[in-house]
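Here's the structure, in structure tokens; my notes come after.
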Amino acid sequence: MKQLLKQEKYRNLAKIILINTIIFTITNLLFNIKYEQVDDFIMYNLYSGLDGTYSTYGVYMHTILCAIIGLFYRIVPVINWHTIFLLSMQFICFTIIGYCITEKQKSEKSFIIYAVFASVFYSVLLVLIQYTSVAAVLILTALFIIMHLMEREQKSKTLKVLCFVLYTVGIMLRMQSLLIIAPFFALYAIYYLIKYFKKQIDINKLKTVIADYAIIAVITIAVYISHNAIYENNPVYKEYMEYNNIRAILHDMSYTDYEENKQIFDEIGWSKNDHYLFYTFNFGDENVYSKENLQKIIDYKISTNQYYNLNSKPKEVREDLVNEMQSTNTIVTLFMFAMFFVAVLESKEKKRIKYTNIASNLRN
């Protein structure tokens, strides 16, 4: 019997791998897969040895992850291992998700549902690949495994280990991606607390969720502290990270119109062309785009109460919202919503089958 169950599991896994392979192949044939942002290109330039240094400082990526992928560049430098790594992580995540969704389902309907599910989310994430979205998928796959095991009331050491490994790789790839998934961790915790207070689960199940969350918290703290410690001990990269944090405030959190704030730009000696180059991410001149000049702009914005002011017209705001809805972060969020409800529905379906079997036995 155990051998038959194993064979059934392997067959189900093979079907999911086949579905994902077909989606991957068709997407590659129909579309040109490319990086969504230039960040990936810049990062793997640092640790791939293109400049002959094989630097392990990938800025957003953890240095350990850069060092591991960098080893492959040293062995076979002509292959873009960064892209292969991102694509492999996506494939593994969707394979695990598909396996969990179709596990213990006797009908082919579950595989059809997964095929439709993956053809939407997997193909979209494949077309414009980015380390941020891949990191988010890794993290949310870890959460989905926790939800799956809890809602199915299963104990699987293999899945649990995979959960923590995927989570670790995800936050090492991009710690900030955790912010996209964090609300869903909180949502599931609240969901389980409500179930406990309604006496739908016992204290042991609640302790299991708390233990999983505690392990995830320890992993997060360890990765965060080690990442910061490594950069703090390197004076050059410490200076860069400080500069990059200031730069991000002006690029990512606000926009400063040149004409409306000409006073500060005249003070720091920026022409309109300098302003344009900065906001098109061409700020290589360390004298013009110095940390001191950027800080002066921020101080000026604070003094004029426009620290996070986008200075955008209503039409531009609408266009930005539309663009945001088309971004991969939105896809990841929708993806998480879909998986959350799948996990909850799994629990309800299991209970329905259980009660149906009880009623059938009573009748007999």
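The values are calculated or read from the model by the stated rules, or taken from the named source; none is laboratory data. Since the structure is predicted, the reported quantities are computational estimates derived from the model, not experimental observations. A quick note on method: Cβ atoms are made from the backbone with ideal geometry, for glycine too, and the neighbour counts reach across all protein chains shown. These area figures cover heavy atoms from the full protein model, side chains too; ligands, DNA and RNA do not enter into them. Shrake-Rupley method; radii C 1.70, N 1.55, O 1.52, S 1.80 Å.
Can you report the number of residues in region 72-86 which are hydrophobic (A, V, I, L, M, F, W, C) and crowded, with 18+ Cβ neighbours inside 10 Å? Write out each step before concluding.
First pass over region 72-86, keeping only residues hydrophobic (A, V, I, L, M, F, W, C): 72, 75-76, 78-79, 81, 84-86.
Filter once more, so that each one left must be crowded, with 18+ Cβ neighbours inside 10 Å: 81, 85-86.
Total satisfying the criteria: 3.
Confirm whether Tyr231 is in a helix (DSSP H, G or I) and either open to solvent by 40 Å² or more (accessible area, probe 1.4 Å) or charged (D, E, K, R) (or both).
Considered against the rule, which asks whether it is in a helix (DSSP H, G or I) and either open to solvent by 40 Å² or more (accessible area, probe 1.4 Å) or charged (D, E, K, R) (or both), Tyr231 comes out as no.
Residue check, Ile26 against (1) surrounded by fewer than 19 Cβ atoms within 10 Å (Cβ to Cβ); (2) modelled with pLDDT under 90, all met but one. Which one?
(2)
Test Ile221 against the criterion of being in a helix (DSSP H, G or I), open to solvent by 70 Å² or more (accessible area, probe 1.4 Å) and modelled with pLDDT of 95 or more, and give yes or no.
The answer is yes for Ile221.
From the list Asp274, Asp285, exactly one residue is farther than 27 Å from Leu143 by Cβ and open to solvent by 70 Å² or more (accessible area, probe 1.4 Å). Which is it? Even if it seems obvious, please write down each step before you answer.
Working: Asp274 fails: open to solvent by 70 Å² or more (accessible area, probe 1.4 Å).
Exactly one of Asp274, Asp285 is farther than 27 Å from Leu143 by Cβ and open to solvent by 70 Å² or more (accessible area, probe 1.4 Å), namely Asp285.
Looking only at region 37-75, how many residues end up being outside any helix (DSSP H, G or I), among the hydrophobic types (A, V, I, L, M, F, W, C) and within 18 Å of the chain's Cα centre (by Cα)?
Result for region 37-75: 3.
Give me the pairs: first residue in region 250-276 and assigned to a loop (DSSP other than H, G, I, E, B), second residue modelled with pLDDT under 90, beta-carbon distance under 6 Å, and six or more apart or on different chains, which are they?
Met253/Tyr308; Ser254/Tyr308; Tyr255/Leu310; Tyr255/Asn311; Asp257/Asn311
Select from region 163-176 the residues that are at pLDDT 95 or above and open to solvent by 50 Å² or more (accessible area, probe 1.4 Å) and list them in ascending order.
Correct list: Val165 only.
Would it be correct to say that Thr256 is touching a Lys or Arg at 6+ places or on another chain (Cβ under 9 Å), at pLDDT below 90 and not acidic (Asp, Glu)?
Spelling it out, Thr256 is indeed touching a Lys or Arg at 6+ places or on another chain (Cβ under 9 Å), at pLDDT below 90 and not acidic (Asp, Glu).
Tell me yes or no: at least one residue of region 1-14 is modelled with pLDDT of 85 or more and of a type in the set (Lys, Arg).
No, there is no match, as no residue in region 1-14 is modelled with pLDDT of 85 or more and of a type in the set (Lys, Arg).
Just one of (1) open to solvent by 80 Å² or more (accessible area, probe 1.4 Å); (2) at pLDDT below 90; (3) of a type in the set (A, V, I, L, M, F, W, C) trips up Ile64, so point out which.
Failing condition for Ile64: (2).
Filter region 297-311 down to the residues that are open to solvent by 70 Å² or more (accessible area, probe 1.4 Å) and farther than 26 Å from Asp39 by Cα and list them by number.
Matches in region 297-311: Asp299, Ile302, Ser303, Asn305.
For region 234-262, name all the residues that are open to solvent by 60 Å² or more (accessible area, probe 1.4 Å) and more than 15 Å from Val59 (Cβ to Cβ).
Pro235, Met253, Tyr255, Glu259, Glu260, Lys262 - these are the residues of region 234-262 that are open to solvent by 60 Å² or more (accessible area, probe 1.4 Å) and more than 15 Å from Val59 (Cβ to Cβ).
Is region 178-185 home to any residue that is open to solvent by 70 Å² or more (accessible area, probe 1.4 Å), among the β-branched types (Val, Ile, Thr) and assigned to a helix (DSSP H, G or I)?
no
Looking at this structure, is Tyr196 crowded, with 18+ Cβ neighbours inside 10 Å and in a helix (DSSP H, G or I)?
Working: crowded, with 18+ Cβ neighbours inside 10 Å: no; in a helix (DSSP H, G or I): yes.
For Tyr196, the condition - crowded, with 18+ Cβ neighbours inside 10 Å and in a helix (DSSP H, G or I) - is not met.
Please go through (1) more than 20 Å from Gln37 (Cβ to Cβ); (2) open to solvent by 30 Å² or more (accessible area, probe 1.4 Å); (3) touching a Phe, Trp or Tyr at 6+ places or on another chain (Cβ under 6 Å) for Gly98 and return the number of the only condition it doesn't satisfy.
(2)
How many residues does region 277-304 contain that are among the charged types (D, E, K, R) and outside any helix (DSSP H, G or I)?
Residues in region 277-304 being among the charged types (D, E, K, R) and outside any helix (DSSP H, G or I): 2 in total.
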